[in-house]
Amino acid sequence: MGISASLALLPALGVTVTGVLLIVLRARRRRMVVLGIQYLCVAWLVALDLPMGVALARLTAGVVAIAILSLSVLSVEREAVGAGVSGRQPHALTWVAGGLVGVACLALGSSGWGGLPGVGRATTIGSTALLGLGLLQVGMADTSLRVGLGLLTAVSGFDLVYGELEPSLAVTALLGSVHIGIALVVSYL
């Protein structure tokens with residue numbers, strides 16, 4: 001494996017780490033920062049196989065979704081401070097579940113999904129990690145924000161592979177609007 005192939009796996013590892021951190025972290029603001037890093041890694045993965053304009057469109061949709069969720073988080077935190085509510089610490093089982101699913105997704109993604117045409121190895125690894133960790137987060141969620149972050153993570157995983165199989169402008173716009181729509185619904189809830 002050459003140095004460029006090793007560098008291509010960095011964003012795949014990045015989305016795995018950020019997916020686990022989104023499950024484990026309790027601080028809402030930190031989760032927004034981690035989600036931003038995750039969208040950067042997703043854009044990097046997209047840029048490996050598609051034009052830079054497509055990667056920037058995906059990153060822009062992610063930034064808009066984060067902005068919508070951040071406004072909601074700030075509003076909720078103001079109410080929580082006024083009510084004297086404090087956050088809980090993550091349970092050890094959360095770390096174990098996130099780590100196990102992350103490692104399993106890395107191993108499953110390395111197999112290449114049966115050789116999908118035009119989809120790189122780093123993309124399949126990253127997509128598998130995003131899908132698996134996003135679904136785990138939805139399953140372990142106790143608030144609407146956690147469900148939303150899990151859905152955004154899982155949709156990003158789907159977006160990676162489907163966007164490479166069908167890289168048209170209409171699909172890019174539709175998938176970007178799905179991210180923004182999920183953020184709007186979660187913000188409303």
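The values are calculated or read from the model by the stated rules, or taken from the named source; none is laboratory data. Just so you know, these numbers come straight off a predicted model, no measurement behind them. Methodologically, a virtual Cβ is constructed for each residue, glycine included, from the backbone with ideal geometry; neighbour enumeration extends over all protein chains shown. For accessibility, only protein heavy atoms count, side chains too; no ligands or nucleic acids. Shrake-Rupley method; radii C 1.70, N 1.55, O 1.52, S 1.80 Å.
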Across (1) in contact (Cβ under 8 Å) with a residue 24 or more places away in the chain; (2) closer than 17 Å to Ile23 by Cα; (3) open to solvent by 10 Å² or more (accessible area, probe 1.4 Å); (4) of a type outside the set (Val, Ile, Thr), Leu130 clears everything bar (3)
Residues of the range 103-117 being open to solvent by less than 80 Å² (accessible area, probe 1.4 Å), within 22 Å of the chain's Cα centre (by Cα) and at pLDDT below 80, in sequence order, are Cys105, Leu106, Ala107, Gly109, Ser110, Gly112, Leu116
Given the conditions (1) touching a residue at least 60 places away in the same chain (Cβ under 8 Å); (2) among the hydroxyl-bearing types (Ser, Thr, Tyr); (3) surrounded by fewer than 16 Cβ atoms within 10 Å (Cβ to Cβ), every one holds for Thr153 apart from (3)
Of the listed residues (Leu145, Leu151, Leu136), the one being aliphatic (A, V, I, L, M) and within 18 Å of Leu175 (Cβ to Cβ) is Leu151
- Based on what the data block shows, is Ala43 at pLDDT 85 or above, under 16 Å from Gly134 (Cβ atoms) and part of a helix (DSSP H, G or I)? no
Of the residues in the range 49-81, those that are assigned to a helix (DSSP H, G or I), open to solvent by 70 Å² or more (accessible area, probe 1.4 Å) and either modelled with pLDDT of 85 or more or of a type outside the set (A, V, I, L, M, F, W, C) (or both) come to Asp49, Met52, Leu56, Thr60, Val63, Leu71, Arg78, Glu79
Filtering the range 156-181 down to residues that are open to solvent by less than 30 Å² (accessible area, probe 1.4 Å), closer than 17 Å to Val63 by Cα and among the hydrophobic types (A, V, I, L, M, F, W, C) yields Leu160, Leu175
Margin query: Suppose the filter is touching a Ser or Thr at 6+ places or on another chain (Cβ under 8 Å), farther than 19 Å from Leu40 by Cβ and either open to solvent by 10 Å² or more (accessible area, probe 1.4 Å) or not in a helix (DSSP H, G or I) (or both); does Leu145 pass it?
Written below: yes
